[in-house]
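This report concerns only the one structure given below.
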Amino acid sequence: MYTSYISGLGHYVPENVVTNDDLAQLMDTNDAWIQERTGIKERRHIKKGDGNSTSIMGVKAATIALERAGIQPEEIDLIVFATLSPDMYFPGGGVQVQDLMGMRTIPALDVRNQCSGFVYALSVADQFVKTGMYKHVLVIGSENHSGGLDFTTRGRGVSVIFGDGAGAAVVSRNDKDKGGILSTHLHSEGKHKDELSLQGPSTNYWVPQIIAEDPQDDIPYYPYMNGQFVFKNAVVRFAEVIKEGLEANQLSVSDIDLLIPHQANLRISQFVQRKFKLSDDQVYNNIQKFGNTTAASIPIALSEAWEEGKVKSGDLIVLAAFGSGFTWGSAIIRWI
Ligand code: UT7
């Protein structure tokens, strides 16, 4: 068995800043409500004609990650691409990255685990590197939420939360030192699949049926979220899976140098922080400026924290996510 580590990180967000006041022009909402309930002040949205898409933002983030890892695109052995908002129904974003980055005919795998997507994708990369099958795996989380949200008052409970962006990590074989990705821990509970979901278009509910029914209220092609139910489950599962990861490595909460929770809602991160009695310096949040970017949120935050010098060699970094499925997971990393 080999060990693995993150050799490079990168992130990209579109230039177009959308404030809470901007959204209040489109729907019945206001800055005070959004900030109080979610902590979000602004988010980024792709602007028509700016050349961005889910895969293109992924490529921009990946290009930075590869540069920082000091490796060329042709050295990547596998792409794992996490998104809930792909450019196309099929094929997935991974193959587009393979093409756009001029990589060899390497495997490209898409992961569909929504807010837990990056942790799931990282876990897949970790296994392939640890078994010795691959040396460098490119992991991307990217989302174009703004392309598919309901920006009328009907959709306000969901649409104010989500933002666009991408983050990437190169997971490499570790022959340098001890440490790296110590373990990952993944879970699902499909009985709650409808609580945060997008029902169609899908093979259960295809386009002609949607057009024929002409739905006015429960529009199936916009996401649905039972916000309070998701919130209540999230705080429990975040805490559980962080503890599970620490215990698997004989570590405790006091060993954490930086917790990077999926940026679902600032109130959720604060709840977890209070539960574990962590200081402000031990928890990284950037939802205030980017909103919830689903599969992209952890790699954007990790990359940004690294740029700010908050992720240093020897640090214990804990990643944790929860979201649609429900799915949740954590990763315990001794940074190299
Ligand atoms: O990342 C994936 C996982 N997702 C999450 O973890 C999200 C978890 N849930 C949440 O973050 C919160 O539940 C929300 C931020 C989505 C909603 O906050 P809440 O405190 O649970 O509000 P609520 O849904 O109970 O709505 C309270 C009121 C309602 O009005 P009434 O029925 O009390 O008159 C809503 O219609 O707020 C209203 N409301 C809004 N008002 C202004 C809902 N959305 C908005 C809005 N602006 N954008």
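The values are calculated or read from the model by the stated rules, or taken from the named source; none is laboratory data. Everything numeric here is computed off the predicted structure, so don't read it as measured data. Glycine also receives a Cβ, built like all others from the backbone with ideal geometry; neighbour counts cover every protein chain displayed. Just the protein is used for accessible areas: all its heavy atoms, side chains included, with ligands, DNA and RNA removed. Shrake-Rupley method; radii C 1.70, N 1.55, O 1.52, S 1.80 Å.
The single condition from (1) in a loop (DSSP other than H, G, I, E, B); (2) within 16 Å of the ligand (Cβ to nearest atom) that T203 fails is (2).
Annotation: of all residues in segment 251-285 being aromatic (F, W, Y) and under 21 Å from the mean Cα position of the chain (by Cα), the one that is farthest from F322 (Cα to Cα) is Y284. Do we find a residue being out of contact with any Ser or Thr (no Cβ under 8 Å at 6 or more places or on another chain) and assigned to a loop (DSSP other than H, G, I, E, B) anywhere in segment 26-33? Yes - at least one qualifying residue is present in segment 26-33.
In segment 114-136, the residues that are part of a loop (DSSP other than H, G, I, E, B) form Cβ pairs under 6 Å with partners that are open to solvent by 10 Å² or more (accessible area, probe 1.4 Å), at six or more places apart or across chains, as follows: G132/Y2; Y134/D77; Y134/F128; K135/D77; K135/R173.
Between A24, A61, the distinction of being of a type outside the set (D, E) and either open to solvent by 60 Å² or more (accessible area, probe 1.4 Å) or within 16 Å of the ligand (Cβ to nearest atom) (or both) belongs to A24 only. For segment 28-57, enumerate the residues that are near the ligand (Cβ under 10 Å from one of its atoms) and of a type in the set (D, E). D28, D31, E36, listed by residue number. Suppose we filter G39, G70, G51, G10 for residues that are closer than 25 Å to Q127 by Cα and either surrounded by fewer than 22 Cβ atoms within 10 Å (Cβ to Cβ) or acidic (D, E) (or both); which single one remains? Testing whether each residue is closer than 25 Å to Q127 by Cα and either surrounded by fewer than 22 Cβ atoms within 10 Å (Cβ to Cβ) or acidic (D, E) (or both) leaves just G70. Of the candidates V236, V241, the single residue that is within 17 Å of the chain's Cα centre (by Cα) and closer than 20 Å to H187 by Cα is V241. Here L258 fulfils each of the conditions (1) touching a residue at least 24 places away in the same chain (Cβ under 8 Å); (2) within 19 Å of T38 (Cβ to Cβ) apart from (2).
Let's see how each residue does on (1) within 22 Å of the chain's Cα centre (by Cα); (2) outside the structural domain of R112 (by TED's automatic domain parsing); (3) surrounded by fewer than 17 Cβ atoms within 10 Å (Cβ to Cβ):
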residue: T152; (1), (2), (3): no, no, yes
residue: V158; (1), (2), (3): yes, no, no
residue: G163; (1), (2), (3): yes, no, no
residue: A166; (1), (2), (3): yes, no, no
residue: N204; (1), (2), (3): no, yes, yes
residue: E213; (1), (2), (3): no, yes, yes
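Would a scan of segment 262-277 turn up a residue that is of a type in the set (G, A, S) and under 30 Å from G309 (Cα atoms)? Among the residues of segment 262-277, at least one is of a type in the set (G, A, S) and under 30 Å from G309 (Cα atoms), which makes the answer yes. Against the list (1) more than 20 Å from I161 (Cα to Cα); (2) surrounded by fewer than 23 Cβ atoms within 10 Å (Cβ to Cβ), the condition E15 fails is (1).
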